[in-house]
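Novice: Structure incoming, see below.
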Amino acid sequence: MPDATQTISYIQAVQHGLRWSLEALDDTVIFGEDVAVPGGPFGATKNLHRDFGSDRIFDTPISETAFLGMALGAAMTGLRPIAEIMYADFMFVAMDQLVNQIANTRYVSRGTYGAPLVIRTQQGYSSGSCAQHSHSIEAYIAHTPGLRLAVPSTADDAYQMLRAAIVSDDPVVVAEARMLYPTKGEVRLDAPVEPIGGGRITREGADVTVVAWSRMAAAALEAAEELAAEGIDVEVVDPRWLAPLDFDLIAASVRKTGRLVIAHEANLTGGFGAEIAARAAEECFRDLRAPIARVGAPDVPTPAAPALQAVVIPSAADVVSAVRRVVR
Amino acid sequence: MSAVGDIVHMYREMRRIRAFEDRLMDLKAGGEVPGSMHLTNGQEAIAVGVASILRPDDYVTATYRGHGWAISRGSDLTGLFAEVMARSGGVNGGRAGSPYFSDASINFLGENSIVGAGVPIAAGAALSAQRHGQGQVSVVAIGDGATNQGAVHEALNLAAALTLPMVLVVENNIYSEMVRIKDMTKIDQLAIRAEGYGIPGVTIDGNDPHLVAAAAAEAVERARRGEGPTLIEAMTQRLVGHHSGDAQHYRPRGEVAEAALDEPLQRIRNAADAALLSELDAVDAEVAAEIERAVDAARATELPDPNTAKDHVYA
Ligand SMILES: Cc1ncc(C[n+]2csc(CCOP(=O)(O)OP(=O)(O)O)c2C)c(N)n1
């Protein structure tokens, strides 16, 4: 076992989480496109094929419908599959298996069948990525009862939340953030496995609550630093899981600060920010001293040109101006 | 066209594609191309051979590895450079980039970054061609790996059932990203799948533009006669990585060097006599100049206006 706590990148943390699952649970199998011998398109499965062999980790044809359906059948019959969808955008190719099959399994069988499987993917834009390689898919997933959804924003969360997903008896989609893959942080490799769910206050503040996840969680912290210089004290909440959502944590923070800004990279309309805003309006109406503000992409497909991306991709600066709007 | 002229024409078109992409790699190294690109380096004979027998009003749909398909159909090089360089002069104003551009002016329905997704779309173009009754055909290119997508099976069966004027070209470059197609399917020749749809399927040498043109001509004529789709599997190799940043650690040592001995441009040169060689050298020089003019023109266009970022979402 390596040192208990190591400073490693987000993608290395994912790799450690996968290795842990192969070591700890005999029934885990990992499959997807390019995951075995090549070691994964982003290196998440590096050396795992060498160490665990083709029985535990193997490449699939480019057949998302087939291999997500296979994950379900395997999960219903005793395995714990971890299927990788290379880019979150490709999940749409297999939406029937995800939404009509995997998500319904436990409910419609009245609990006699379950679907303990994990679908790992990564989402969001990157420089020059086209409109078919930039979607943030959380609202599509979180809308579907029966699915769990993790959106880790740090290396440690990438490791801990992946392990929580693997031991869970529910189907879990882990949507990593491609832009965060190189970011480093301390990862507690020997921490006990967490239960699913639970958000975190990543910065305490008194004036306004910013709820942000995935890439925007880091952007919110950056914004908070800038705002601190102006005398605005921002509390940042990273919900970490959107299903189940730790709304109590958000509500408690809103009760304290009286103001709420929600920031995500996905499009605004029908985005998960709308869900949090609606619940805050329902449950924290009397605590709010200002209208709720949302930061997200405008309802535009992601363009490839950086000059155009700069207009539609939310940044720390967008969080800063939203906060200024609500504290004014 | 004389036989020699024909070779020179094919060579020139292939050289234009090769030079376009080589220049893009330079531009990428110089920081002028954002994101990654999927180059068709080594596979040019397929697009060029097919294009040589198509009518201007035929439809073409490609994969993200589609630079060659657009160029061989006559898309403007300046517009293509500017698109990949994310400039306003791009054929889509920089919105699509290298892997997803389209060019309505040449009936190029677009590249696609979703593996296999082009085939149902091409079937739709074939349906409209059938309805319009002008003898147009719809050609769609996919990779070997894409043959394993559900969308491809469904669309081929549909096109066959409706006897649509469609030609599916499988560019079999052995690899699907980092894995070999032979490890992902039990059949040696992908063309035999055609039988399951009740359509003809052929496997051909995809590094010879004349052979490609001959196979495409037969398929296209069949489609124009109203006899339905054909599957052409064109064998080739890519001389570069899957994408522009791919270190190709999964490829055996020497594989690329060996493939380079038999790549389409080199093949023509290997068989050429002294007179033809000097003609080919002249072509190379002309193409090089054409490429430089296009790059300069692309660079001369502005970056996209941020105020237009939200345009064109709806009609
Ligand atoms: C639906 C979908 N799944 C996965 C990918 C990721 N991906 C992009 S290219 C590629 C390999 C495609 O191989 P092939 O069809 O043989 O075409 P080639 O790249 O060799 O031209 C994969 C898996 C994708 N773009 N779309």
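Novice: Please compute the modelled spin-label separation between A:Phe58 and B:Ala260, points set 7 Å along Cα→Cβ, answer in nm with one decimal.
Specialist: 3.7
Novice: Moving on. Of B:Glu290, B:Glu302, B:Glu221, which is the most mobile in a GNM of chain B whose springs link Cα atoms less than 10 angstrom apart?
Specialist: Checking each option, the largest mean-square fluctuation is seen for B:Glu302.
Novice: Moving on. What's the exposure ranking of A:Ser315, A:Ser63, going from fewest to most Cβ atoms within 10 Å?
Specialist: Numbers: A:Ser315 16, A:Ser63 23.
Fewest to most other Cβ atoms nearby, the residues stand as A:Ser315, A:Ser63.
Novice: Using just the helices of chain B, give the 222 nm mean residue ellipticity in deg cm²/dmol: DSSP H runs with n ≥ 4 each add -39,500 (n - 2.57), and the total is spread over all residues, rounded to 500. Present the calculation step by step, with values, prior to reporting the outcome.
Specialist: Values: 11 runs with 136 residues, N = 315.
Calculated from helices alone, the mean residue ellipticity at 222 nm is -13500 deg cm²/dmol.
Novice: Based on the alpha carbons, how large is the Rg to Rh ratio for chain B when Rh follows Kirkwood? Don't skip to the end; give the middle numbers.
Specialist: On the way: Rg = 18.9 Å, Rh = 19.8 Å.
Rg divided by Rh gives 0.96.
Novice: Can I ask one more? Search the structure for amide H atoms under 5 Å from the amide H of A:Thr202, placed 1.01 Å from N in the peptide plane, and list their residues when 5 or more places away or on another chain.
Specialist: It is A:Val236, A:Val237, A:Asp238, by chain and number.
Novice: Also, I was wondering about something else. Report, by chain and number, residues whose modeled amide H sits under 5 Å from the one on A:Ile30, excluding near sequence neighbours (fewer than 5 apart, same chain).
Specialist: Amide H to amide H, under 5 Å and 5 or more residues apart or across chains, A:Ile30 pairs with A:Ile57, A:Phe58, A:Ile82.
Novice: Now, a different point. Under the 0.36 nm per residue contour assumption, what length would be gained going from the current alpha-carbon distance of A:Asp3 and A:Ser109 to full extension?
Specialist: On the way: separation 106, 0.36 × 106 = 38.16 nm, distance 4.38 nm.
That pair, A:Asp3 and A:Ser109, stretches by 33.8 nm at full extension.
Novice: Through the Karplus equation 6.51 cos²θ - 1.76 cosθ + 1.60, θ set to phi - 60°, convert the phi angles of the stretch B:253-266 into ³J(HN,Hα) values in whole Hz; use x for Gly and Pro.
Specialist: These are the phi-based 3J(HN,Hα) values: 4, x, 4, 5, 4, 5, 4, 5, 6, 10, 6, x, 6, 5 Hz.
Novice: Would you look at the GNM of chain A, springs on alpha carbons closer than 10 Å, and say which of A:Val211, A:Val300, A:Val173 moves the most?
Specialist: Of the options given, A:Val300 has the highest mean-square fluctuation.
Novice: Please report the base-10 log of the normalised intensity I(q)/I(0) for chain A, using a Debye sum with one equal scatterer per alpha carbon and no solvent, at each q in 0.08, 0.11, 0.12, 0.15 (1/Å).
Specialist: Those come out to -0.36, -0.68, -0.81, -1.23, one per q.
Novice: A further question on this structure: Hey, fewest Cβ within 10 Å first, where do B:Arg269, A:Arg106 land in order? All intermediate terms of the calculation are to be shown ahead of the outcome.
Specialist: Working: B:Arg269 15, A:Arg106 19.
Ordered by Cβ neighbours within 10 Å, fewest first: B:Arg269, A:Arg106.
Novice: Work out the FRET efficiency for B:Ala289 and B:Ala29 from their Cβ-Cβ distance, taking R0 = 30 Å, and round it to the nearest 0.05. All intermediate terms of the calculation are to be shown ahead of the outcome.
Specialist: On the way: r = 21 Å, r/R0 = 0.71.
Result of the calculation: an efficiency of 0.90.
Novice: For A:Lys184, list the aspartates and glutamates whose Cα falls under 15 Å from its own Cα; do not include residues on the same chain fewer than 8 positions away.
Specialist: A:Asp156, A:Asp157, A:Glu176
Novice: Kirkwood hydrodynamic radius, the stretch A:99-154, all distinct C-alpha pairs: what's the number in Å?
Specialist: On the way: mean 1/r = 0.0755 Å⁻¹.
After inverting the pairwise mean of 1/r, the radius is 13.2 Å.
Novice: Quote the FRET efficiency, to the nearest 0.05, computed for A:Ala66 versus B:Arg224 with a Förster distance R0 of 30 Å and r equal to the Cβ-Cβ distance. Please report the intermediate quantities before stating the final value.
Specialist: Working: r = 35 Å, r/R0 = 1.16.
The pair A:Ala66/B:Arg224 has a calculated efficiency of 0.30.
Novice: From the P(r) of the stretch A:1-154, could you give the percentage of C-alpha pairs in the tail past 26 Å?
Specialist: Details: 3095 of 11781 pairs.
Across the stretch A:1-154, Cα pairs with separations above 26 Å total 26 percent.
Novice: Let's test the formula: R0 of 56 Å, r as the Cβ-Cβ distance of B:His210 and B:Asp305. What FRET efficiency results, to the nearest 0.05? Spell out each step's value before the answer.
Specialist: Working: r = 45 Å, r/R0 = 0.81.
Result of the calculation: an efficiency of 0.80.
Novice: Could you check the spin-label model distance between B:His249 and A:Asp233? Points 7 Å from the Cα along Cα→Cβ, value in nm.
Specialist: Each label point is offset 7 Å from its Cα along the Cβ direction, giving 4.9 nm.
Novice: Determine the shape class of the stretch A:116-220: with a ≥ b ≥ c the square roots of the Cα gyration tensor eigenvalues, call it rounded for a/c under 1.5, and otherwise prolate if a/b is greater than b/c, oblate otherwise. Could you put the intermediate results ahead of the total?
Specialist: Values: a/c = 1.36, a/b = 1.04, b/c = 1.30.
Taking the square roots of the gyration eigenvalues as a ≥ b ≥ c, the stretch A:116-220 is rounded.
Novice: While we're looking at this one, here's another question. Report ³J(HN,Hα) in whole Hz for each residue of the stretch B:93-100, in order, from the Karplus equation J = 6.51 cos²θ - 1.76 cosθ + 1.60 where θ = phi - 60°; Gly and Pro get x.
Specialist: Each residue of the stretch B:93-100 in turn: x, x, 6, 9, x, 4, x, 8 Hz.
Novice: Step through the residues of the stretch A:28-34 one at a time and calculate ³J(HN,Hα) from phi using the Karplus curve (6.51 cos²θ - 1.76 cosθ + 1.60, θ = phi - 60°), rounding each to whole Hz and writing x for Gly and Pro.
Specialist: Taking θ as phi minus 60°, the curve returns 6, 10, 10, 8, x, 7, 6 Hz for the stretch A:28-34.
Novice: Please list the helices of chain B that count as membrane-span-like by this rule: a mean Kyte-Doolittle hydropathy of at least 0.0 together with Cα atoms stretching 24 Å or more along the helix axis, each helix being a complete DSSP H run.
Specialist: Values: long enough: B:3-29 (39 Å, -0.37); B:274-299 (38 Å, 0.40).
Span-like helices, by this rule, are B:274-299.
Novice: Taking the square root of 5 times each eigenvalue of the Cα gyration tensor, what semi-axes in Å does the equivalent ellipsoid of the stretch A:200-327 have, largest first? If you can, show how the numbers build up before the last one.
Specialist: Numbers: eigenvalues 100, 57, 32 Å².
Taking √(5λ) for each eigenvalue gives 22, 17, 13 Å, largest first.
Novice: Ranked highest first by average number of other Cβ atoms within 10 Å, how do A:42-48, A:152-158 line up? Please report the intermediate quantities before stating the final value.
Specialist: Values: A:42-48: 19.6, A:152-158: 25.7.
Answer by packing, highest mean first, reads A:152-158, A:42-48.
Novice: Okay, moving on. List the residues whose amide H sits under 5 Å from the amide H of A:Glu176, counting only those 5 or more places along or on another chain, with H placed 1.01 Å from N in the peptide plane.
Specialist: The answer is A:Thr121, A:Gln122, A:Gln123.
Bear in mind these aren't lab numbers, they're just calculated from the coordinates by the rules spelled out. Owing to the predicted nature of the structure, the values given are computational and were not obtained by experimental measurement. Backbone-built Cβ (ideal geometry, glycine too); neighbour counts: all protein chains shown.
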